[in-house]
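Trainee: My questions all concern the structure below.
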Amino acid sequence: MTRPYRSALYIPGSRSRALDKARGLPVDVILFDMEDAVSPDEKIAARETLAAELTAGGYGARLRIVRINGLDTDWGADDARAADAMDCDAVLLPKVNCAADVDALAALTDKPIWAMMETPLGVLNAAEIAAHPKIEGFVLGTNDLAKDLNTRHRADREPLITSLQMCLLAARAHGVVALDGVYNAFKDEDGFAVECEQGRDMGFDGKTLIHPAQVAIANAAFAPTQAEIDLAKRQIAAFADAEAAGQGVAVVDGKIVENLHIVTARATLAKAEAIATLETT
């Protein structure tokens, strides 16, 4: 069964109340953050706070990923060792530039690794990063990437499209999950919905979030619609009938249905089933 990744919410690792609240949020992924969301004077204490909350459990079937500080900082290596002992599913490394950065983290943890894709060099090396055997997912850091590229903000994200697509190409080529970047104006629900739809249409598996208010919109945008589910079922049934009649293609709603469409249809149904299962646990 395919795990859903529709919504991935950043939670500061230093804030016990926020960590507790996350236990009741309908998110697919929790990104426990020890980097940007934690001030320098709280970083060491955040390790202990986060470790205690993860040990206490209560996060259900949500994927639990810990974002550490960069290995080039005073806290990164100790963060990595601490995360290795935490009850989490993976470690997220910021500002990954090349596969050697993943090697450096792999020397400190046995956990699966996710990579923040947020630098020009990282985007250019996306394929080699995605090919690393320890990598399970990409998280697009669009704020840092936009800063480094010196782009202006645009609602259509045109200045970032090439970078987004290069990361998606690498992720799909190597079977890696790809999560779209954050939307900063968390009170702008209409703008957020549009960006979620863009990310879903591009092929991202989900959206990273900065506020719980964004969860419902992301979950809806990255889930199969009822119309898509119904179409998938009809395509599978029609293709089965065509095969039984010795034909290699079927026709549904006036459109040709071949085996490649059945692969997509089955993936759609598997994702819908996985979402339904997660929401009942």
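The values are calculated or read from the model by the stated rules, or taken from the named source; none is laboratory data. Please read these numbers as outputs of a predicted model, since none were measured by experiment. Cβ coordinates were reconstructed from backbone atoms using ideal geometry, including for glycine residues, and neighbour counts include every protein chain displayed. Accessible surface areas use protein heavy atoms only, side chains included; no ligands, DNA or RNA. Shrake-Rupley method; radii C 1.70, N 1.55, O 1.52, S 1.80 Å.
Trainee: Any residue in the stretch 202-217 that is among the basic types (Lys, Arg), modelled with pLDDT of 95 or more and within 26 Å of residue 161 (Cα to Cα)? Break it down into steps so the answer makes sense when it comes.
Mentor: Our first condition is that a residue be among the basic types (Lys, Arg); within the stretch 202-217, this holds for 207.
Remaining after also requiring modelled with pLDDT of 95 or more: 207.
If we keep only those that are within 26 Å of residue 161 (Cα to Cα) too, we end up with 207.
Among the residues of the stretch 202-217, at least one is among the basic types (Lys, Arg), modelled with pLDDT of 95 or more and within 26 Å of residue 161 (Cα to Cα), which makes the answer yes.
Trainee: State yes or no: is residue 41 among the acidic types (Asp, Glu) and open to solvent by 50 Å² or more (accessible area, probe 1.4 Å)?
Mentor: Details: among the acidic types (Asp, Glu): yes; open to solvent by 50 Å² or more (accessible area, probe 1.4 Å): yes.
Taking the combined requirement at face value, the residue satisfies it.
Trainee: Here's something else I'd like to know. List, please: which pairs have Cβ atoms under 8 Å, are six or more places apart or on different chains, and start with a residue in the stretch 152-172 that is farther than 11 Å from residue 126 by Cβ and part of a loop (DSSP other than H, G, I, E, B) and end with one that is of a type in the set (A, V, I, L, M, F, W, C) and open to solvent by 20 Å² or more (accessible area, probe 1.4 Å)?
Mentor: Filtered contacts from the stretch 152-172: 153/146; 155/194.
Trainee: Same structure again: Can you tell me which residue in the stretch 7-28 is nearest to residue 62 (Cα to Cα), limited to those that are touching a strand residue (DSSP E or B) at 6+ places or on another chain (Cβ under 7 Å) and either open to solvent by 50 Å² or more (accessible area, probe 1.4 Å) or part of a loop (DSSP other than H, G, I, E, B) (or both)? Step through it out loud before you land on a result.
Mentor: If we filter the stretch 7-28 for residues that are touching a strand residue (DSSP E or B) at 6+ places or on another chain (Cβ under 7 Å), which is where we start, we get 7-13, 18-19, 22, 25, 27-28.
Applying the additional criterion that residues be either open to solvent by 50 Å² or more (accessible area, probe 1.4 Å) or part of a loop (DSSP other than H, G, I, E, B) (or both) yields 13, 25, 27-28.
On the way: 13: 16, 25: 10, 27: 7, 28: 5 Å.
Within the stretch 7-28, the match that is nearest to residue 62 (Cα to Cα) is 28.
Trainee: A follow-up question, please. Among 187, 95, 147, which is the only one that is of a type outside the set (Ser, Thr, Tyr), open to solvent by 70 Å² or more (accessible area, probe 1.4 Å) and assigned to a helix (DSSP H, G or I)?
Mentor: On the way: 187 fails: assigned to a helix (DSSP H, G or I); 95 fails: assigned to a helix (DSSP H, G or I).
Going through 187, 95, 147 in turn, just one is of a type outside the set (Ser, Thr, Tyr), open to solvent by 70 Å² or more (accessible area, probe 1.4 Å) and assigned to a helix (DSSP H, G or I): 147.
Trainee: Residues of the stretch 200-220 being open to solvent by less than 30 Å² (accessible area, probe 1.4 Å) and either without any contact (Cβ under 8 Å) to a residue 24 or more places away in the chain or farther than 12 Å from residue 179 by Cβ (or both), which ones?
Mentor: Hits for the stretch 200-220 are 214, 215, 219.
Trainee: Identify, by number, the condition in (1) open to solvent by less than 70 Å² (accessible area, probe 1.4 Å); (2) closer than 19 Å to residue 93 by Cα; (3) not charged (D, E, K, R) that residue 196 doesn't meet.
Mentor: Among (1) open to solvent by less than 70 Å² (accessible area, probe 1.4 Å); (2) closer than 19 Å to residue 93 by Cα; (3) not charged (D, E, K, R), residue 196 violates only (2).
Trainee: Out of all the residues in the stretch 225-244, which are more than 27 Å from residue 274 (Cα to Cα) and open to solvent by 70 Å² or more (accessible area, probe 1.4 Å)? Full working, then the answer.
Mentor: Filtering the stretch 225-244 for residues more than 27 Å from residue 274 (Cα to Cα) gives 242-244.
Hits for the stretch 225-244 are 243, 244.
Trainee: Tell me yes or no: at least one residue of the stretch 108-115 is under 16 Å from residue 31 (Cα atoms) and open to solvent by 30 Å² or more (accessible area, probe 1.4 Å). Steps first, answer last, please.
Mentor: Here is the first cut: in the stretch 108-115, the residues under 16 Å from residue 31 (Cα atoms) are 111-115.
Subset that is open to solvent by 30 Å² or more (accessible area, probe 1.4 Å): 111-112.
Checked against the condition, which is being under 16 Å from residue 31 (Cα atoms) and open to solvent by 30 Å² or more (accessible area, probe 1.4 Å), the stretch 108-115 yields at least one hit.
Trainee: If you go through the stretch 270-279 one residue at a time, do you hit one that is open to solvent by less than 20 Å² (accessible area, probe 1.4 Å), in contact with a Ser or Thr (Cβ under 9 Å, 6 or more places away or on another chain), part of a strand (DSSP E or B) and touching a residue at least 24 places away in the same chain (Cβ under 8 Å)?
Mentor: no
Trainee: Out of the residues in the stretch 59-76 that are open to solvent by less than 30 Å² (accessible area, probe 1.4 Å) and hydrophobic (A, V, I, L, M, F, W, C), which is farthest from residue 20 (Cα to Cα)?
Mentor: Filtering first and then ranking leaves 68.
Trainee: What pairs come out if I take residues in the stretch 127-142 that are assigned to a helix (DSSP H, G or I) and pair them with residues that are of a type outside the set (Gly, Ala, Ser) and open to solvent by 50 Å² or more (accessible area, probe 1.4 Å) whose C-beta lies under 7 Å away, six or more apart or interchain?
Mentor: If the second residue must be of a type outside the set (Gly, Ala, Ser) and open to solvent by 50 Å² or more (accessible area, probe 1.4 Å), the pairs left are 130/174.
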